[in-house]
Amino acid sequence: MIAVADKPVVVYGASGYTGRLICEYLREYHVPFIAAGRNGGTLKAAMEANVAGIETADYEIAEVSHDAGALTSLFSGAEVVLNTVGPFSQLGPAVVEACLASGTHYLDTTGEQDWLVTCDEKYGAGFAAAGLLLAPGVAQMYTTGEIAAELCLERPGLDTLDIAVFWGGSPTIASTLTILVNAALAGAYYLEQNKYVPWDPEAGLYQLVIPGQHELALALPWGGTSHPVWYRRDPRVANVKVLGGVFNRPLMLGVPQIVAAAVEATKDMPPDEQYAALTATAAQVMNQMPPRENPRVNKSLDSVHASGPLGRAHCVIHGNSNYKQTGLLQAYAAYSLLQQPPKRVGFASGCKAFGHRELLGVLSSFGLVREPVVTTGS
Ligand SMILES: NC(=O)c1ccc[n+]([C@@H]2O[C@H](COP(=O)([O-])OP(=O)(O)OC[C@H]3O[C@@H](n4cnc5c(N)ncnc54)[C@H](OP(=O)(O)O)[C@@H]3O)[C@@H](O)[C@H]2O)c1
């Protein structure tokens, strides 16, 4: 097994669309890293062909099998693991367990609510006892929206968050599979008085007024998202509802049908067979790497209405290049952890671990989000 003593960060799933972007930003932060994954040849090709500036990065490639033992050996000697191998509810446990066994901080790019709940309830205490960070979901969905929520919550007296998250572009291969697996195998919950309440799975598309356009946007609960989990034990907040999706209306109109057909076709299968069938369906929907993002096409919108008994605040963050935002947030988090402890150990969101103003500054300074628009009293 490769020695990682001089490479403090492991990017697991580095050959993927998001993994490559993380490597790109680690290089910009001058952080040495291991590009790890299941296929050494694919990793080498991805680094050399798809990571801008890789010839000046300090990195090594490590092929590793997806089991906790092999991953523990690889991670021993590193300080931070950045995991992009999803769906995380299926593939995350081995990586989290390897991080705990090797004494490594764990971050990933999930937006799966059920995986966040598992991390919080099953693994959080172990990480906290070891003084390690367990931060699933340091990613555009939903850290950028969390930054918007936190900007509202800088004012006291707000206990309810009504959040919209939209983006433009094509989901990647693993993102498509993740959306399907999540929709078929997990419920979606919002938060009401600090308790999880299920969204109605039959409700279909919601029509949303979103900032910056006249046409109503089509939205779904999108698996419930991360915010209800992050805020469940935050004394400032009691209620969180999130709706979102892609700006592309025809695609949004198709999503419920694709999901319903996949759920119907697989509902009586045993779990392994069901996962394989969902993988096959996802591959029919998306089986190629999307092009590199273009800020004129790939846009993000995060809007939070925060309210309380007498208070109101609204924050909007317009941004671009969602996957780049994710790559940058992951790389910055690793860079930060190499220099100072996180603000919180155990299960924590990106903002709770690194600070929302800090993360906003990072995204702004790389040109990925514009100055948030905060309106109070609205
Ligand atoms: N929340 C957000 O905003 C956000 C943003 C970006 C990504 N994500 C999530 O992050 C995940 C990765 O996305 P992506 O865009 O990087 O997808 P991707 O381009 O399809 O890459 C997936 C990566 O995972 C690896 N992989 C897949 N199955 C594996 C397995 N069984 N064992 C080991 N490695 C495996 C792939 O390796 P090979 O190259 O060998 O196939 C590749 O490195 C998805 O779940 C996606 O939903 C979320």
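Using C-alpha pairs under 8 Å with a sequence gap of at least 6, the mean separation divided by the residue count of the stretch 190-308 gives a relative contact order of 22 percent. Can you tell me what percent of all Cα-Cα pairs in the stretch 89-158 are more than 13 Å apart? More than 13 Å apart: 67 percent of the Cα pairs in the stretch 89-158. Using θ = phi - 60° in the Karplus curve 6.51 cos²θ - 1.76 cosθ + 1.60, the 3J(HN,Hα) couplings for the stretch 157-167 round to x, 10, 10, 10, 10, 10, 10, 10, 10, 10, 8 Hz; x is entered for Gly and Pro. Phi-derived couplings, Karplus 6.51 cos²θ - 1.76 cosθ + 1.60 at θ = phi - 60°, listed residue by residue for the stretch 328-338: 5, 4, 5, 5, 5, 4, 5, 4, 5, 5, 6 Hz, with x used for Gly and Pro. Taking each residue as 0.36 nm, the span from Arg236 to Ala280 lengthens on full extension beyond its C-alpha to C-alpha distance by 11.5 nm.
When the charge dipole of the chain is built from unit charges on Cβ atoms (+1 for Lys and Arg, -1 for Asp and Glu) and taken about the Cα centre, the candidate among Met141, Gln90, Ala35 whose Cα reaches farthest toward its positive end is Met141.
The calculated P(r) of the stretch 287-363, using every Cα pair and 10 Å bins from 0, goes 15, 37, 31, 16, 1 in percent. Given their separation in residues at 0.36 nm each and the Cα-Cα distance between them, Thr375 and Tyr206 gain 58.4 nm when the chain is fully extended. Among Arg27, Arg296, Arg232, Arg38, sorting on how many other beta-carbon atoms sit within 10 Å of each Cβ, with the fewest leading, yields Arg296, Arg38, Arg232, Arg27. Mind grabbing the base-10 log of I(q)/I(0) for the chain at q = 0.12 Å⁻¹? Debye formula, identical points on the C-alpha positions, no solvent, two decimal places. Those come out to -0.88, one per q. If one computes P(r) from the Cα atoms of the stretch 164-212, what percent of pairs lie at distances over 12 Å? Tail of P(r) above 12 Å: 76 percent of Cα pairs. Identify the residues of the stretch 315-329 with backbone N under 11 Å of a label point that sits 7 angstrom from the Cα of Tyr29 along the Cα-to-Cβ direction, or state none. Counting backbone N atoms under 11 Å from the label point, the list is 327-329. Computed from backbone phi with θ = phi - 60° and the Karplus coefficients 6.51, -1.76 and 1.60, the 3J(HN,Hα) list for the stretch 9-19 is 10, 10, 9, 9, x, 5, 6, x, 4, 6, x Hz; x is used for glycine and proline.
Helical content of the chain, expressed as a calculated mean residue ellipticity at 222 nm, amounts to -12000 deg cm²/dmol (DSSP H runs of 4 or more residues, -39,500 (n - 2.57) each, divided by residue number, nearest 500). For the chain, the antiparallel share of DSSP beta bridges with both residues in that region comes to about 50%. The residues packed around Arg232, meaning those with a beta-carbon under 9 Å from its beta-carbon, carry a net charge of 0 if Lys and Arg are +1 and Asp and Glu are -1. Here the stretch 240-378 is treated as a sphere whose radius is the Kirkwood value from Cα pairs; by Stokes-Einstein at 20 °C and 1.002 mPa s it diffuses with a coefficient of 115 µm²/s.
Rule-based calculations on the coordinates, nothing more; no lab input. The structure displayed is predicted, hence computed values, not measured ones. As a convention, Cβ positions derive from the backbone with ideal geometry for all residues, glycine included, and neighbour counts pool all protein chains shown.
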